[in-house]
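Report on the following structure.
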Amino acid sequence: MALLVIAALVLLFLGVPIAVAIAGSTTLAVGASGIFGIEVVPQQIFNALNQFPLMAIPFFILAGHLMQVGGISERLIRFGNAIIGHMTGGLAMAAVLTSMFFAAISGSGAATVAAIGSILIPAMLARGYDRGFTAANQSVAGALGVIIPPSIPLILYAVAANVSAGDMFMAGVFPGVIVTLSLLIMAYLVSRKRRYAGIEKATGRELFTAFRKSILALLMPVIVLGGIYGGIFTPTEAAVVAVVYSVIVGFAYRQLSLKKLVDAFADSAVTSAIVMIVIGTAGLFAFYINVLGAPTQLAETMTNLNLGIVGFIILVNVILLIAGMFIEAAAAILIFVPIMLPMATAFGMDPVHFGIIMVVNLSIGLVTPPVGLNLFVAADLTKLSLGRISKAVLPFIGVLIIDLVLISALPQLSLWLPSLVNTAG
Amino acid sequence: MKAFMRSYLRVFGVVNAGIRYVLALLLAAMSVLIGWQVFARFVVGESLTFSEEVSRFAMVWLVVLGAAYAAQNGRLIKVDILEHVLGGGARKAAIIVAGCLSIVFYLVLVVFGMFITDAVAFQRTPATEISMSIPMAALPVGGAFLVLNTVCHLFATVLDVRQVSEVDEILAEAGEVER
Amino acid sequence: GTLVSKDADYEGSITFSLALGPDSHHAAGAYAFAERLAELTDDRISVDYYYNNALGGEREVVEGMSINSIQMGMASTGPMGGFVRSFMLFDMPYIFRDLDHVYTVLDGEIGEELAAEFEETASVRIIGWTENGFRYETNSVRPIRTPEDLQGIKHRTQESAAQIQTWRAFGTDALPMAWPEVYTGLQQGVIDSQENPIATIADVNFQEVQDYIAMTQHVYSPAPMMISSRYFETFSEGDQEAILAAGEYATGIQREASAEAEAAALQELLDAGMEQTEIDREAFEEAAQPVIDDWREEIPRDLIDRVIATEAEPGAAATEQEGTS
Ligand code: NA
Ligand code: NA
């Protein structure tokens, strides 16, 4: 086990791909232990990938991509501006609000930053917003992408913890709203202090037009969640329905061409592969530490420490926040779920609530240096150094941590909605 | 040597363009199969018996081939502190060390992937009753392309060829301007 | 891995993968195996358990034993038809009449033949015909007595051509669906009906989303206790014998635990308000006949007819239990 951890850390630091760091160190450990042959390495990577529920990942990535190509981000931004743009700090708040709408379509945080940020960031800079604040606001708003369903980390958690993806989606709704509200408040307060004025107020007619033009996109999460809970399709199938819907919307908006379609499929395939190769190798890692019995031993050690549930949740959050600084959400979920979930259930926590805590926590990792994809994208859009962005994002991380405490302390925030639809269904 | 590197990069530019179409095709096949599964259940009240299995195997192939495709310009997710901190020759050296270590692992995938592909050859899959070797072969084949494309990345680094980063890629996909 | 032969006084432990949890009838069999093995080897050899498919699903576990990455396991025969065609036998509807008949077949010549074929092809040795038991249909639409009652019901099957064929022959809209999606599928009404052993049905709480259980007993599912052949052969001859003897002993205990689990689980389902119906077995057998006819040639060595022709030894099930308790 020590060999495994040290080898993984050294490989990570040397800058090999995370997938290679995980699988390479496990291969070393397997070879050194001689418990079984190295052919287990490719076999377990295959087994980890050969799971039907994972198919939701490429499908949601593709759906988000098609929506984007279909010109949906412009429409959502117009709608967000019409609702809130006239208030103090209007554009900053519109960035948050629009990101929330987009997050419910896109499965990915960085994609949200890119789609909304590439339009709103130049607009904010032109109106005199501070560069650092603009970048930080947009990258944190993009982190919403993984809390509001559909979300790839939520699906991954469902697979790793063997809970329903539909329940995870439902459980993400209120925590997503809480984070959105807190970011809106943050943007408002900062803007008031710095006197960032709003844009011209939209008339009732303009607001209605903006709404009408975004309605097809806004309906997507309704179709996905409604379809799942209306008994029409399974969560995995919902993802493909989202794809079909996006193609239809794209053609309805007259934005799609065959060339764009082919590009969207190819690009989504590559993006999916980049996420999922990590899933495969994390599966190998999980198999090996399970054979060693490590999760059970750790759970016993933890119970003997007499931390109590509060101490345990704090410890988990601290470990994940640190891990999230360096590795991205997908890898962290697959590595930590097999280790942490047995402890959480031993403490009597609901696996769905625990999953939401993990995902919210790891979404913070998307905006913490040194490794944070959202930051990199926002840095590129604002032409800022990683150092300056990192400093600007600190107060936002403070807000997110307060949200995290709330979401950890109040299980009902996560559990009420899924329990409601399940008893009603 | 530099001439060899250049022609290697040219050849693999073409190979990777081909892989890109294969990837699009795999994802399209998955979408059509599962889409049809939902549709058929609605309309006919029956669903395809093989759609799930075929699309699952397509997904495994998509992941390893897609990872190999991304490796050509070092786009696989990594902790690239060293790359950011170091400059010039040291930065190149770091990329080359990481690349060589990765290649060692990919070779393990190729060799032992062939072992396991052979070991499961007698198994028939439940729905389509094809040999289990067909999906499993994704690992050794993907491993081989990972090696070849990581070499691309190393050659491009040595030659100072400008490479598209993951961030470039995400932004390009969002803007759809540069394509 | 490295396959070094073990000494006659080898001390160590065996990894044992289970599909169910520590309180299950599978675990009861595995514990009995460990207990007897410890007795026979003067506590030299112990067993480490991995519950709830922690090391992988059923196909993956059998494959793991085949390449010796998992040493022992208990898994249903569902995925084994892919390894050895003969095991499609256990997908055939209404070829087993009752437990006496089942145990006469499995503990006799046919069981031995299947085990030998499996070891030959997959390098996995079956050391006891432990079980999941008979399987039963549940649904949320109406009580089932004849195949006519199943007309138009959306029924989930595993991804097996024979199972899909069977449930279409029974009149349902048969839909293959991955196991992780079944509970939500039933809950939300994507599907109405499913079939499983009763202990499994209660274990995953299908009573929360299903109203009727029909005593269909349409197929019998073994869940054999298995050991990787490559691993088995590293033991000394004495220890090999001890492993086989412990497996035989555990089989009786596990079957008993399975019967108890089935009875307790059925009670649990009824207490939760499910309605139980007895079926018109002849009508179901008749509906199943075309499936049997289709597969008669597919499944080698005339196995279907040989099973049907086997005369149950009266009390094979009862003797089993007396002999071991
Ligand atoms: Na989302
Ligand atoms: Na981070």
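Checking B:Ile34 against (1) more than 7 Å from every other protein chain (Cβ to nearest Cβ); (2) farther than 30 Å from A:Pro17 by Cα; (3) surrounded by 23 or more Cβ atoms within 10 Å (Cβ to Cβ), only one condition comes out false. Which one?
It is condition (1) that B:Ile34 fails.
Within region A:93-110, restricting attention to residues that are in a helix (DSSP H, G or I) and closer than 25 Å to A:Ala273 by Cα, which residue is farthest from ligand 2 (Cβ to nearest atom)?
Among them, the one singled out is A:Phe102.
When the residues of region C:46-83 are filtered to those that are among the aromatic types (Phe, Trp, Tyr) and within 11 Å of chain A (Cβ to nearest Cβ), which remaining residue is least open to solvent (accessible area, probe 1.4 Å)?
C:Tyr50
Can you report the number of residues in region B:66-83 which are part of a helix (DSSP H, G or I) and within 7 Å of another protein chain (Cβ to nearest Cβ)?
Looking only at that region, the number is 7.
Would you pick out the residues in region A:363-377 that are within 9 Å of ligand 2 (Cβ to nearest atom) and within 15 Å of A:Ile407 (Cβ to Cβ)?
A:Ile364
Each row is one residue, and each column tells you yes or no for (1) surrounded by fewer than 20 Cβ atoms within 10 Å (Cβ to Cβ); (2) free of Cβ contacts under 8 Å to residues at least 24 places away in the same chain.
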{"site": "A:Ile148", "(1), (2)": "no, no"}
{"site": "A:Val159", "(1), (2)": "no, no"}
{"site": "A:Ser164", "(1), (2)": "no, no"}
{"site": "A:Lys201", "(1), (2)": "yes, no"}
{"site": "A:Gly204", "(1), (2)": "yes, yes"}
{"site": "A:Phe208", "(1), (2)": "yes, yes"}
{"site": "A:Val222", "(1), (2)": "yes, yes"}
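So which of A:Pro342, A:Pro370 is within 12 Å of chain B (Cβ to nearest Cβ), open to solvent by 30 Å² or more (accessible area, probe 1.4 Å) and either away from ligand 1 (no atom under 16 Å from the Cβ) or closer than 30 Å to A:Ala114 by Cβ (or both)?
So the residue among A:Pro342, A:Pro370 that is within 12 Å of chain B (Cβ to nearest Cβ), open to solvent by 30 Å² or more (accessible area, probe 1.4 Å) and either away from ligand 1 (no atom under 16 Å from the Cβ) or closer than 30 Å to A:Ala114 by Cβ (or both) is A:Pro370.
Name every residue in region B:131-155 that is within 12 Å of another protein chain (Cβ to nearest Cβ) and of a type in the set (Phe, Trp, Tyr), in order of residue number.
The answer is B:Phe145, and nothing else.
Just a yes or no: is a residue in region C:164-187 more than 18 Å from the chain's Cα centre (by Cα), within 14 Å of chain A (Cβ to nearest Cβ) and among the β-branched types (Val, Ile, Thr)?
Scanning region C:164-187, I find at least one residue that is more than 18 Å from the chain's Cα centre (by Cα), within 14 Å of chain A (Cβ to nearest Cβ) and among the β-branched types (Val, Ile, Thr), so the answer is yes.
Please give the number of the condition B:Asn73 fails out of (1) within 28 Å of A:Val262 (Cβ to Cβ); (2) out of contact with any helix residue (DSSP H, G or I) (no Cβ under 8 Å at 6 or more places or on another chain).
(2)
Given the structure, is A:Phe169 aromatic (Phe, Trp, Tyr) and crowded, with 24+ Cβ neighbours inside 10 Å?
yes
Just one of A:Ala329, A:Ala378 is within 16 Å of ligand 1 (Cβ to nearest atom), among the small types (Gly, Ala, Ser), crowded, with 19+ Cβ neighbours inside 10 Å and within 14 Å of chain B (Cβ to nearest Cβ); which is it?
A:Ala329
In the set A:Ala252, A:Ala269, A:Ala264, A:Ala239, which member is more than 9 Å from every other protein chain (Cβ to nearest Cβ) and not acidic (Asp, Glu)?
Matching residue, one of A:Ala252, A:Ala269, A:Ala264, A:Ala239: A:Ala252.
Of the residues in region C:35-56, how many are among the small types (Gly, Ala, Ser) and without any contact (Cβ under 8 Å) to a residue 24 or more places away in the chain?
Selection size over region C:35-56: 1.
Tell me which residues, restricted to region C:254-304, are on the phi > 0 side of the Ramachandran plot and open to solvent by 70 Å² or more (accessible area, probe 1.4 Å).
Of everything in region C:254-304, those that are on the phi > 0 side of the Ramachandran plot and open to solvent by 70 Å² or more (accessible area, probe 1.4 Å) turn out to be C:Arg301, C:Asp302.
Would you point out which residue out of A:Val377, A:Val371, A:Val399, A:Val421 is at pLDDT 85 or above and aliphatic (A, V, I, L, M)?
A:Val399
Of everything in region C:10-45 that's in a strand (DSSP E or B) and within 13 Å of chain A (Cβ to nearest Cβ), which residue is surrounded by the fewest Cβ atoms within 10 Å (Cβ to Cβ)?
Across region C:10-45, the extreme among qualifying residues is C:Gly12.
With the condition kept exactly as written, say whether any residue in region A:101-114 is away from ligand 1 (no atom under 16 Å from the Cβ), under 16 Å from A:Ala210 (Cα atoms) and away from every other protein chain (no Cβ under 14 Å).
Looking through region A:101-114, none of the residues is away from ligand 1 (no atom under 16 Å from the Cβ), under 16 Å from A:Ala210 (Cα atoms) and away from every other protein chain (no Cβ under 14 Å).
Just checking: which of the helices (runs of 4 or more DSSP H) contained wholly in region A:11-92 hold 2 or more residues that are in contact with a helix residue (DSSP H, G or I) (Cβ under 7 Å, 6 or more places away or on another chain) and more than 9 Å from every other protein chain (Cβ to nearest Cβ)?
Answer list for region A:11-92: A:18-33, A:56-69, A:72-84.
Of the residues in region A:345-364, how many are more than 16 Å from ligand 1 (Cβ to nearest atom) and within 19 Å of A:Pro153 (Cα to Cα)?
Qualifying residue count for the region: 7.
I'd like to know if region A:117-130 contains one or more residues that are within 14 Å of another protein chain (Cβ to nearest Cβ), within 12 Å of ligand 1 (Cβ to nearest atom) and either in a helix (DSSP H, G or I) or open to solvent by 10 Å² or more (accessible area, probe 1.4 Å) (or both).
no
Just checking, which of C:Thr130, C:Thr138 is among the polar types (S, T, N, Q), crowded, with 24+ Cβ neighbours inside 10 Å, more than 26 Å from B:Glu53 (Cβ to Cβ) and in contact (Cβ under 8 Å) with a residue 12 or more places away in the chain?
Just one listed residue meets the conditions, C:Thr130.
Can you confirm whether region B:102-114 contains a residue that is part of a loop (DSSP other than H, G, I, E, B), closer than 27 Å to C:Pro79 by Cα and either modelled with pLDDT under 95 or within 11 Å of chain A (Cβ to nearest Cβ) (or both)?
No; the residues of region B:102-114 include none that is part of a loop (DSSP other than H, G, I, E, B), closer than 27 Å to C:Pro79 by Cα and either modelled with pLDDT under 95 or within 11 Å of chain A (Cβ to nearest Cβ) (or both).
Looking at region A:378-389, which of its residues are away from ligand 2 (no atom under 13 Å from the Cβ), on the phi < 0 side of the Ramachandran plot and not small (Gly, Ala, Ser)?
Those that are away from ligand 2 (no atom under 13 Å from the Cβ), on the phi < 0 side of the Ramachandran plot and not small (Gly, Ala, Ser): A:Asp380, A:Leu381, A:Thr382, A:Leu384, A:Arg388.
Residue check, B:Leu9 against (1) of a type in the set (A, V, I, L, M, F, W, C); (2) touching a Cys at 6+ places or on another chain (Cβ under 8 Å); (3) under 21 Å from B:Ser133 (Cα atoms), all met but one. Which one?
It is condition (3) that B:Leu9 fails.
Being surrounded by 22 or more Cβ atoms within 10 Å (Cβ to Cβ), in contact (Cβ under 8 Å) with a residue 24 or more places away in the chain and within 16 Å of ligand 2 (Cβ to nearest atom), is that true of even one residue in region A:345-355?
no
Can you tell which of A:Val190, A:Val173 is at pLDDT 85 or above and either within 14 Å of chain B (Cβ to nearest Cβ) or within 14 Å of ligand 1 (Cβ to nearest atom) (or both)?
A:Val173 is the lone residue from the list that is at pLDDT 85 or above and either within 14 Å of chain B (Cβ to nearest Cβ) or within 14 Å of ligand 1 (Cβ to nearest atom) (or both).
The values are calculated or read from the model by the stated rules, or taken from the named source; none is laboratory data. The structure presented is a predicted model; accordingly, all values stated were derived computationally and were not measured. In this analysis, Cβ positions are derived from the backbone assuming ideal geometry, glycine residues included, and neighbour counts consider all displayed protein chains. With ligands, DNA and RNA removed, areas are computed over all heavy atoms of the protein, side chains included. Shrake-Rupley method; radii C 1.70, N 1.55, O 1.52, S 1.80 Å.
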